[in-house]
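Report on the following structure.
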Amino acid sequence: MKNTLFTSGSPADQGYRMPAEWAKHQGTWLSFPRPEGISFPEGYEKIPLVWAEMTRILRNHEEVHINYFDEGHLLIIKEALSQKGVKVGENVFLHPFPAYEPWCRDHGPIVLKKGEDRAIVDWGYNAWGGKYPPFDLDDDIPNRVADFLKLPVFKNPIVMEGGSIEVNGEGTLLTTESCLLNPNRNPQLTKVEIEQQLIDYLGVTQILWLGDGIEGDDTDGHVDDLTRFVNPTTVVTILEEDPQDSNFERLVENRKRLESMTTAKGEKLQIIDLPTPGVIEREGQRLPASYANFYIANGIVLLPIFNHRNDKKAIDILQGCFPSRQVIGIPSLDLIWGLGAYHCITQQIPE
């Protein structure tokens, strides 16, 4: 790789920080799913058009960059894009950067900013605690993107996924104990040491810890299925209305924690409740369906919906949170079979 590596000083020391997702994007980076991949067993045939439709929507608002595995994969992608009326080169760009699986939020680059300057922080990636080997190609995606964008790289050897963190762009970060403190990630580090890595490499000063994730989430509880910032002082957090549901108590506990939290500037968090789509199963497996797994892009918010009576309620709540953006609800029952939704498959590239 030709990209420049920073060899001394942390990003925070040099004045870099991770912007909030609503900051202006240059584009969105995606890794297109492969027919040989393991993410959509017995269900891949519907998936290319899911990515193509998302690309069709996004390309009207920002660049879309798509990783492909090989020439055969490239043909699948071009055919899917063509079916949705998307032309490569018209704000859509394809890159021969192979990844085994499509979860770009977790294996993709996190872009930091310092004024107009940008840099990439490259964490270690082990497919959510070594669950789905091999993952060496996925782990290398940030370096390939950095080389293409000609951005310098801060390398950090600890394991971290983009879906496990949520920032407000003003010094505050949300995460979960069930994921970041799981011994399948960084067993050699204490909680305090993990916090210091987040502070040093993302430019935050306040770490807020939630507890457990939702049922069916194979990431060990990513925060992007639970609680999201919608502005620097406000979060939306999911609550289950059925007391008999296995998610009920853990989501109540997370909300209680939020009630006592403040931002890095000492402001009390404002909390907006989001419903859940209840129990969604396929082939006897509980799926981690959550309205919190939305993606904020330039001018729009992509929201997974699940043919549930709470779909409209979730759209209305989020539209109130983002009055200057259009909230677009997209049917996601095929996508959630892969155990993730729109936030899981996107990674923003801030301007």
Failed item in (1) free of Cβ contacts under 8 Å to residues at least 40 places away in the same chain; (2) surrounded by fewer than 17 Cβ atoms within 10 Å (Cβ to Cβ), with Asn310 passing the rest: (2)
I need a count of the residues in the range 18-43 that are surrounded by 21 or more Cβ atoms within 10 Å (Cβ to Cβ), part of a strand (DSSP E or B) and of a type outside the set (A, V, I, L, M, F, W, C). 4
Condition first: touching a residue at least 60 places away in the same chain (Cβ under 8 Å), surrounded by 16 or more Cβ atoms within 10 Å (Cβ to Cβ), farther than 20 Å from Ala20 by Cα and touching a Phe, Trp or Tyr at 6+ places or on another chain (Cβ under 6 Å). Can you find one or more residues in the range 219-233 that meet it? yes
Can you run down the residue pairs with Cβ atoms below 9 Å, 6 or more apart or on separate chains, where the first is in the range 11-22 and without any contact (Cβ under 8 Å) to a residue 60 or more places away in the chain and the partner is crowded, with 19+ Cβ neighbours inside 10 Å and part of a loop (DSSP other than H, G, I, E, B)? none
Within the range 75-96, take every residue that is touching a Pro at 6+ places or on another chain (Cβ under 8 Å) and under 21 Å from Ile141 (Cα atoms) and give me the one that is surrounded by the most Cβ atoms within 10 Å (Cβ to Cβ). Ile77
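Residue by residue, here is whether (1) under 20 Å from Lys114 (Cα atoms); (2) within 17 Å of the chain's Cα centre (by Cα) holds:
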| residue | (1), (2) |
| --- | --- |
| Leu173 | yes, yes |
| Leu180 | no, yes |
| Pro187 | no, no |
| Gly203 | yes, no |
| Glu215 | no, no |
Single residue of Ile317, Ile328 found to be part of a strand (DSSP E or B) and surrounded by fewer than 23 Cβ atoms within 10 Å (Cβ to Cβ): Ile328
Please indicate, with yes or no, whether at least one residue in the range 6-23 is farther than 30 Å from Val230 by Cβ and of a type in the set (A, V, I, L, M, F, W, C). yes
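Any read-out appearing in this document is the output of simple, stated calculations on the displayed coordinates, not a laboratory observation. Quick caveat, the model's predicted, so the values are computed rather than measured. Using ideal geometry, Cβ is built from the backbone for each residue, glycine included, and neighbour counts are taken over all protein chains shown.
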